[in-house]
1. When N is the residue count of region 1-97, what does its C-alpha Rg come to as a fraction of 2.2 N^0.38 Å?
2. In region 166-273, which trypsin sites (Lys or Arg not before Pro) fall in coil by DSSP and have 16 or fewer other Cβ atoms within 10 Å?
3. Using only the alpha-carbon atoms of region 202-268 as identical scatterers, what base-10 log of I(q)/I(0) does the Debye formula give at q = 0.23, 0.26 Å⁻¹?
4. What translational diffusion coefficient, to the nearest whole µm²/s, does the chain have by Stokes-Einstein, given a Kirkwood radius computed over alpha-carbon pairs, a temperature of 20 °C and 1.002 mPa s viscosity?
5. If Lys and Arg each add +1 and Asp and Glu each add -1, what is the summed charge of the other residues whose beta carbon sits under 15 Å from the beta carbon of Val205?
6. Given the convex hull over the Cα atoms of region 93-212, what projected area results after averaging over all orientations, in nm²?
7. So which aspartates and glutamates pass the test for Lys165, namely a Cα distance under 17 Å, with those fewer than 8 places away in the same chain ruled out?
8. Give me the lysines in straight-line cross-link reach of Lys15: C-alpha distance below 27 Å, same-chain residues under 8 apart excluded.
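No value in this document is a laboratory result; all are computed from the given coordinates. Remember, it's a predicted structure, so these values are computed and weren't measured experimentally. Neighbour counts run over all protein chains shown; Cβ positions are idealised from the backbone, glycine included.
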Amino acid sequence: MTNFIDSPFIRDFTKITLQLYEHGWDERNGGNVSYRLTEGEVSQYEDVQKISRNIPIDFDGADLAGMYFLVTGTGKYFKNIIEFPNRDVGLVRIAEDGKSVDIVWGFNDGGKPTSEFPTHLMGHATRLKVNPNQRVIMHCHPTNLIAMTFTFPLDEKEITKTLWKMQTESIVVFPDGVGIVPWMVPGNTEIGKVTSDKLKEFSSVIWPQHGIFASGSSIDEAFGLIETIEKAAEIYNIIQATGGQIQQTITDQQLANLARAFGVKPKKGYLEV
């Protein structure tokens, strides 16, 4: 057996959290990531066989009982995770009653999961019903997307179509569109419930003037989804900053052609073709 700190899960997790920081999307201790692991994946590591602590959570996670999640810690700076993973990250198992988590690795300074962890768990529970391969929830603060929420109507269809039309790749990467919730105070079960409800339809949800909450079957998929949405928002903002005079665009018919070519289904009712 080897130690969990040397696992590919820690390698990939610390790599992506550093990239999130370097992109400017997770300043200070902003943002959080959770990564669902299977029992088979963690059982091969000798240092995750004992429970170090049990802490309560403000969420009934009975549907996720027994599941393992690698999750960022509350108050931890993303820039430090790659150097101190066993301090700033923890591997937890949802207790059988669903009302607490067992810490089986990490958080060695007495830390605990991000305050957004209940929202993550609600998101995982919802997305697992949509996608059995759901593994990752990623919340961060993409600069251009946040800026766009100050100037663009907060209408799911309109913002989705605009982001689709900013670049050819958009509709291929997020054909289900982008959900939006009202501005809400983060870190509580209320925003978790509203967000998880949106995740029934969308793989990503915008938190206006705050950031994005995205899901995926892998770290790369969740990160790539955010990258693509943020790139589209950046293009939109550049166009607006240079006068907003669009001379040509991707039409609804062209979007439909793209979707057909890449075998994806655009959000029903969004394209007028």
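1. Against the empirical 2.2 N^0.38 Å value, I get 1.10 for region 1-97.
2. Lys200, Lys268
3. -1.19, -1.18
4. 111 µm²/s
5. Net of charged neighbours comes to -2.
6. 8.9 nm²
7. Asp155, Glu156, Asp176, Glu227, Glu230, Glu234, Asp252, Glu272
8. Counting by Cα, and skipping residues close in sequence, Lys15 has these lysines nearby: Lys50, Lys76, Lys79, Lys112, Lys231.
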